[in-house]
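Chemist: Take a look at this one; I'll ask things after.
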Amino acid sequence: MEDLIKARVKEVLKGDQNAFGEIIELYKDKVYQICYRMLGNSFEAEDCTQEAFIRAYINIDRYHIDRKFSTWLFRIATNLCIDRIRKKKPDYYLDAEVAGTDGLTLYSQIPSKGLPPDKKVESMELQDHIQREILNLPEKYRTVIILKYIEELSLNEISEILDIPLGTVKTRIHRGREALRKKLRHI
């Protein structure tokens, strides 16, 4: 087979492009296998395979006829794959399992923008405790505290909703806060 290849290379050097087509047919599967095993991606392997044959054709005059053609061609393909691996940024898929873990994905490695879980729990417990204390306030204070701090309404809006003077709203808010402060001072 090596004699056939050398004969085809000599024909290519004389300008016969069809002879190189025969070389491609003989080696395309083997070159693809090498590229696929190195890159692990069929599309990239196809690209590298094509590029390897293009480079071999362009540089056929550099091939030493006394050496094995397949070794020269495979070296071109291997170098192209190595170059692609070096240039390629690694592909990370967030839903891919992290090696050495039990089902953890890269999503679990992304820091959250919020509070850490223990701080979230503390915050939720504090909110629950405050909510219970607000519910224990007398109704006239509880209503203005909820409208002001939970619903975030203005003093004028609260005055209109409850149909009470603005001064009364201010007084109830002040007294409601003081009552809450006394109940929550141990926290």
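The values are calculated or read from the model by the stated rules, or taken from the named source; none is laboratory data. Here the structure is a predicted model, which is why all the values come from computation and not from measurement. Backbone-built Cβ (ideal geometry, glycine too); neighbour counts: all protein chains shown. Heads up: the accessible areas ignore ligands, DNA and RNA and are worked out on the full protein's heavy atoms, side chains in. Shrake-Rupley method; radii C 1.70, N 1.55, O 1.52, S 1.80 Å.
Chemist: Looking for something part of a helix (DSSP H, G or I), at pLDDT 90 or above and aromatic (Phe, Trp, Tyr) - is there at least one such residue anywhere in the stretch 94-110?
Modeler: no
Chemist: Okay, next question. Give all pairs with beta carbons closer than 7 Å in which a residue from the stretch 144-157 that is farther than 10 Å from residue 173 by Cα meets a residue that is at pLDDT 90 or above and open to solvent by 50 Å² or more (accessible area, probe 1.4 Å); count only pairs at least 6 apart in sequence or on separate chains.
Modeler: Short answer, once both residue conditions are applied: 156/166.
Chemist: Taking the stretch 165-181 as the region of interest, how many residues are among the β-branched types (Val, Ile, Thr) and buried (at least 16 other Cβ atoms within 10 Å of the Cβ)?
Modeler: 2
Chemist: Now, a different point. Which condition number does residue 50 fail, the rest of (1) more than 19 Å from residue 85 (Cα to Cα); (2) at pLDDT 95 or above; (3) of a type in the set (S, T, N, Q) being met?
Modeler: For residue 50, the exception is condition (1).
Chemist: Considering only the stretch 121-164, state which residues are outside any helix (DSSP H, G or I) and either in contact with a Cys (Cβ under 7 Å, 6 or more places away or on another chain) or surrounded by 12 or more Cβ atoms within 10 Å (Cβ to Cβ) (or both). Lay out the reasoning, then the answer.
Modeler: If we filter the stretch 121-164 for residues that are outside any helix (DSSP H, G or I), which is where we start, we get 137-138, 151-154, 163-164.
Selection gives 137, 153, 164.
Chemist: Taking the condition within 30 Å of residue 44 (Cα to Cα), within 33 Å of the chain's Cα centre (by Cα) and modelled with pLDDT under 85, does residue 91 pass?
Modeler: yes
Chemist: Residue pairs, Cβ under 7 Å, 6 or more apart or interchain, first in the stretch 1-17 and closer than 10 Å to residue 65 by Cβ, second outside any helix (DSSP H, G or I) and open to solvent by less than 60 Å² (accessible area, probe 1.4 Å). List them.
Modeler: Taking only residues 6 or more apart or on different chains, the pairs are 9/63.
Chemist: To continue, here is another question. Filter the stretch 18-35 for residues that are free of Cβ contacts under 8 Å to residues at least 24 places away in the same chain and not aromatic (Phe, Trp, Tyr); which is least open to solvent (accessible area, probe 1.4 Å)?
Modeler: Taking the candidates together, the pick is 19.
Chemist: Mind checking which residues of the stretch 165-183 are without any contact (Cβ under 8 Å) to a residue 12 or more places away in the chain and either in a helix (DSSP H, G or I) or β-branched (Val, Ile, Thr) (or both)?
Modeler: The answer is 166, 167, 168, 171, 174, 178, 181, 182.
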